[in-house]
Amino acid sequence: MSDDVLRIEDLTIALRVEGRDHPAVEGVNLTIGRGEVVGLVGESGCGKSLTALSVAGLLTAPMHVSNGRILIEGQDVARLSNRSLRSLRGDRIAMIFQEPMTALNPLMTIGDQIGEMFVLHRGLGARAARKAAIAALDRVQVPGAARRVDDYPHQLSGGMRQRVMIAIALACDPALLIADEPTTALDVTIQAEIIDLILELCREQGTAVLMISHDLGLVARICNRVAVMYAGHLIEEQAAERIFLSPHHPYTRGLVGALPRLGRRLTEGQAALTEIPGTVPAILDYGAGCRFAPRCTRVMAHCAAATPETTQLPQGGRIRCFLHD
Amino acid sequence: MALVLLRRLLQAVVTVAVVITLVFLIFSVIPGDYVSSLMAEKRSLDPAVAERIAAELHLNDPVPLRLGQYLVGILHGDLGLSFATQQPVTEMLGGRIWASFKLACAAMACAIVTGLPLGYIAAARQNRWIDGLAMVFAVSGLSVPGFWFGLLLMYVFSLQLGWLPTFGYGQGGIEHLILPALTLGIAPMALLARTTRAAVLETKTADFIRTARSKGMSEGRLVRKHLARNAFMLILTMIGLQFGSMMGGSVVIESLFAWPGVGSLLIQSVGLRDIPVVQGCILVIVLFFLIVNTLVDVAYLLIDPRIRYK
Amino acid sequence: MLKLLARPNLATGGAIVLIAILVAVFAPLIAPHDPITDANLMFAETAPDADFLMGTDEQGRDIFSRIVYGARIALTIGLLVELMNTIIGVALGVSAGYFGGWWDEFVQGLTNVMLAVPTIVFALALMAVLGPGILSLLIALGMTDWAYSCRISRAQVLTMKSRPFVQAARTMGYGPVHIMARELLPNIAGPLVVVATMGIGSAIMAEASLSFLGLGVVPPAPSWGSMLARAREQLIVAPWVAVFPGLAIFFTVLGFNLLGDGLRDLLDPQGRSKR
Ligand SMILES: Nc1ncnc2c1ncn2[C@@H]1O[C@H](COP(=O)(O)OP(=O)(O)OP(=O)(O)O)[C@@H](O)[C@H]1O
Ligand code: SF4
Ligand SMILES: [Mg+2]
């Protein structure tokens, strides 16, 4: 068995409109090793969430995987039966979403929603599941877990709900946690707390993390490796400490240049990603050529004609740009 | 929570009072009363006799006085006497409320057992042919005149097939109930199918459903534990509104099937201008609507924690 | 044209409504017999044949011709009733939303009352007082079914009230009547048209119901509802008496409902799949 928790090979996710496929994510390759923390950054709409959802098998029509493979702990998810896919989901691979206010079932106590994980994957009965749920709440540092277990989501603050989501996600010690902008919707003051909680718990149980964020500063601080997406393409991937020192892709350079000071975590990081002039093209407008060309300061004549291939960087990492052919 | 209920109750009392006053005024202010309709019917009626009848029925008293007396009577559970039969209105209503209630329950049951699954299937197969078919069916159900649909059912099941009695109440058995219930249930069924479809589609794309799916549960469990209850929250109001308006909404159907309910009594007494009976019928209709909808509010309090803990 | 095909509701509904209107307008050209005077007991309760496409009723009148002329009654009453309801509902709803306060409370209370009593019951009471006839029908139905347009316009105005263009009109010194009629009304017209379109359908249905009960359009006039009034008794010998007027009501109401659905999809493409 391979030691990679996740292997994405040449993944293409297409939007089907009137019987025709329009790729929204194209040719993405990404590997995450056991216990590794990998960041995925990029402007809004570049396909981060789609990539994450496809890994968790949660894409809904009209979006679907049209090409490529997704391997979780060496198993090709496309070849798994529905049943084994389900037992993989939640147990080996878990996900935390951006919007804690709506991500929980409003009619179920949080205890039941956490306990459901143990019922599904550990075969526990109602009583034991409730006990386990209290322990899980304790683990995500919800004060008075034994009392709060019977609360309903609307009785909790956003931060508390996100802790509940973390408790659900990590209930069964998954091999991979996908955190899709877990703090974007939260108050700035508790964002760091939540991130630290996720990292700490994952480190404890050896869970790998795919951290999706707008915030390059944050990602660079907490991750081993960082991958950058632009308009459906993965355009650069490097070790976290290198991406600041030597960003190669003009887009990444723009991002890093927009950060006020090297290595400093900034709370206004979300604004930073949009400080490159211009906007991301829409899916249906993805044409031939480098998709960053209209905004690129170093655009060359042939950039708009063909899409650059992904190449290895000499110092490690990958890039998709004609400057590095 | 108690406060919400109290407010609702107050609203209900006001609504009842307003409706009663309104109906009272409609029948008092505009010329034409019970006696004149009697006179129109029996041309030989002696004016002196007419005058005596009017006095006996207190028709000559000032309107506010009569209204006041009527309202006081209601508080004592007294709805007055019928002009036409001199029977207490409460007595006339008694058995009819039961008949109408039975019909309403049966019709609602028909609507629910067909409308909910239809809407659910349509949502599950959104934009497929079965969805289209179900929605065509639903919009047709909303457009079909109930009394005509009843005639068709009568023709097929009573006259042609001879399976069921044409009309009447019989001994109160189920065979007399089926056709009127189907007829009365068709519009709510159609409406419920549409509401259910919308509710399921809305719930299906909710974030918490995605969360539930990410937990790795079977579709069956997903539907049972997460989708159904949440979608039902969106449907319950509609069920309450439909059921609540059935006591009065059934007038035409009751008259078609000669069903001895509140609706057919209303039509009879409207023709006679038998105001106390009309008032009584409308009172029952409004009260039923308000009670059903209050019960729906209570049901929400019981099953929706978001309201329960407000 | 192709775009219409992609919207089956709009196309079908529009086509049915158009046909109904044409039939009503050109009734004398379409109907082979006079709907009222061509009674001939010799032909009473004739089954549908070449001369009487839909058969005859108990007085020997041609049902097809009566249905054709009945379209005039149905559409006239439907349109006028819904016009009255819309005017009442919009006036109450817009002013309630705009002014708020006790007036809003009052209007909402009134709306709740109207909703607590089924329209048909209120109309029935009014009809009893006013006596049967088209004018009474207009009054009885036109004043009792405005609750939905009232609610919709109130809700719409509440969301519009704080929009910049309303604020601007206010700072420019326009009075409330101008703002409501000139600024708010055009902006809430869309949903109102949808409600009104379906309202025409329910008005036609209500007219048919009351006429069926003998409380609406007076007998010799060819109202679809009153044509069905005695159908139950004739069901065995002359089922066609029951079938065709009902079909006319059904298709006309269906047309307005589909048109309303189609218009809503047109105005609110996102919600399209959901309703
Ligand atoms: N179900 C869908 N139907 C149509 N388009 C979709 C659908 N889901 C996503 N998209 C589109 O696909 C693109 C990528 O979406 P995605 O959610 O992956 O972006 P993202 O990188 O996560 O952005 P954000 O930072 O805003 O979360 C966007 O343009 C989005 O509008
Ligand atoms: S390929 Fe050309 S346009 Fe694209 S990023 Fe590189 S230099 Fe810029
Ligand atoms: Mg996203």
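Any residue that is surrounded by fewer than 23 Cβ atoms within 10 Å (Cβ to Cβ), assigned to a strand (DSSP E or B), more than 16 Å from ligand 2 (Cβ to nearest atom) and not charged (D, E, K, R) - is there at least one of those in region A:85-105?
Looking for residues that are surrounded by fewer than 23 Cβ atoms within 10 Å (Cβ to Cβ), assigned to a strand (DSSP E or B), more than 16 Å from ligand 2 (Cβ to nearest atom) and not charged (D, E, K, R), one finds none in region A:85-105, hence no.
Filter region A:18-57 down to the residues that are within 11 Å of ligand 1 (Cβ to nearest atom) and part of a loop (DSSP other than H, G, I, E, B) and list them by number.
If the condition is that a residue be within 11 Å of ligand 1 (Cβ to nearest atom) and part of a loop (DSSP other than H, G, I, E, B), then A:GLY42, A:GLU43, A:SER44, A:GLY45, A:CYS46, A:GLY47 are the ones that fit.
Out of the residues in region A:219-234 meeting the condition of being open to solvent by 10 Å² or more (accessible area, probe 1.4 Å) and aliphatic (A, V, I, L, M), tell me which one is nearest to A:ILE319 (Cα to Cα).
Applying the filter and picking the extreme gives A:LEU234.
Any idea how many residues of region B:78-94 are open to solvent by 50 Å² or more (accessible area, probe 1.4 Å) and either assigned to a helix (DSSP H, G or I) or not hydrophobic (A, V, I, L, M, F, W, C) (or both)?
Number of matching residues: 6.
Quick check, is C:MET227 within 26 Å of B:LEU266 (Cα to Cα), facing another protein chain (nearest Cβ under 8 Å) and surrounded by 24 or more Cβ atoms within 10 Å (Cβ to Cβ)?
In short, no.
How many residues, within region A:61-84, are modelled with pLDDT of 85 or more, surrounded by fewer than 16 Cβ atoms within 10 Å (Cβ to Cβ) and within 16 Å of ligand 1 (Cβ to nearest atom)?
Adding up the residues that qualify gives 1.
Mind counting the residues in region C:216-255 that are free of Cβ contacts under 8 Å to residues at least 24 places away in the same chain, assigned to a loop (DSSP other than H, G, I, E, B) and within 16 Å of B:SER158 (Cα to Cα)?
Qualifying residue count, region C:216-255: 2.
Does C:LEU254 meet the test of being within 11 Å of chain B (Cβ to nearest Cβ) and closer than 30 Å to B:VAL270 by Cα?
So C:LEU254 fails the test.
Does region A:185-230 hold any residues that are touching an Asp or Glu at 6+ places or on another chain (Cβ under 7 Å) and either free of Cβ contacts under 8 Å to residues at least 12 places away in the same chain or within 16 Å of A:GLN162 (Cβ to Cβ) (or both), and which are they?
Answer for region A:185-230, where residues must be touching an Asp or Glu at 6+ places or on another chain (Cβ under 7 Å) and either free of Cβ contacts under 8 Å to residues at least 12 places away in the same chain or within 16 Å of A:GLN162 (Cβ to Cβ) (or both): A:ALA185, A:ILE212, A:SER213.
In the set B:LEU133, B:LEU118, B:LEU152, which member is within 12 Å of another protein chain (Cβ to nearest Cβ) and open to solvent by 40 Å² or more (accessible area, probe 1.4 Å)?
B:LEU152
For region A:182-218, give me each residue that is of a type outside the set (S, T, N, Q), open to solvent by less than 10 Å² (accessible area, probe 1.4 Å) and under 19 Å from A:LEU30 (Cα atoms).
Within region A:182-218, A:ALA208, A:VAL209, A:LEU210, A:MET211, A:ILE212, A:LEU216 qualify.
Name the residues in region C:120-147 that are among the hydrophobic types (A, V, I, L, M, F, W, C), more than 10 Å from every other protein chain (Cβ to nearest Cβ) and closer than 9 Å to C:GLY216 by Cα, would you?
Correct list: C:ILE134, C:LEU137.
Among (1) open to solvent by 60 Å² or more (accessible area, probe 1.4 Å); (2) within 14 Å of chain B (Cβ to nearest Cβ), which single condition is C:PRO164 missing?
Among (1) open to solvent by 60 Å² or more (accessible area, probe 1.4 Å); (2) within 14 Å of chain B (Cβ to nearest Cβ), C:PRO164 violates only (2).
Could you give every pair whose Cβ atoms fall below 7 Å, whose first residue belongs to region B:197-208 and is facing chain A (nearest Cβ under 9 Å), and whose second residue is of a type outside the set (Ser, Thr, Tyr) and open to solvent by 20 Å² or more (accessible area, probe 1.4 Å), counting only separations of at least 6 or pairs across chains?
Listed by first residue and then by second, the contacts come to B:ASP207/A:GLU99.
Which of the following residues is within 16 Å of ligand 1 (Cβ to nearest atom), within 14 Å of chain B (Cβ to nearest Cβ) and closer than 28 Å to A:GLY316 by Cβ: A:LEU176, A:LEU210, A:LEU216?
Just one listed residue meets the conditions, A:LEU210.
Condition check: more than 16 Å from ligand 2 (Cβ to nearest atom), more than 26 Å from A:VAL140 (Cβ to Cβ) and at pLDDT below 75. Does A:PRO260 satisfy that?
yes
If you scan region C:204-224, which residues turn out to be within 13 Å of chain B (Cβ to nearest Cβ) and not polar (S, T, N, Q)?
C:ILE204, C:MET205, C:ALA206, C:GLU207, C:ALA208, C:LEU210, C:PHE212, C:LEU213, C:GLY214, C:LEU215, C:GLY216, C:TRP224 - these are the residues of region C:204-224 that are within 13 Å of chain B (Cβ to nearest Cβ) and not polar (S, T, N, Q).
Could you please tell me which pairs satisfy a Cβ distance under 6 Å, a separation of 6+ or placement on different chains, a first residue in region A:302-325 that is assigned to a loop (DSSP other than H, G, I, E, B), and a second residue that is surrounded by 12 or more Cβ atoms within 10 Å (Cβ to Cβ) and of a type in the set (D, E, K, R)?
Listed by first residue and then by second, the contacts come to A:PRO308/A:ARG320; A:GLY317/A:GLU237.
Just to verify a result, which residue in region A:121-133, among those that are open to solvent by 50 Å² or more (accessible area, probe 1.4 Å) and within 20 Å of A:MET165 (Cα to Cα), is farthest from the other protein chains (Cβ to nearest Cβ)?
A:LYS131
The values are calculated or read from the model by the stated rules, or taken from the named source; none is laboratory data. Because the structure is predicted, anything quoted here is derived from the model rather than measured. Neighbour counts run over all protein chains shown; Cβ positions are idealised from the backbone, glycine included. For accessibility, only protein heavy atoms count, side chains too; no ligands or nucleic acids. Shrake-Rupley method; radii C 1.70, N 1.55, O 1.52, S 1.80 Å.
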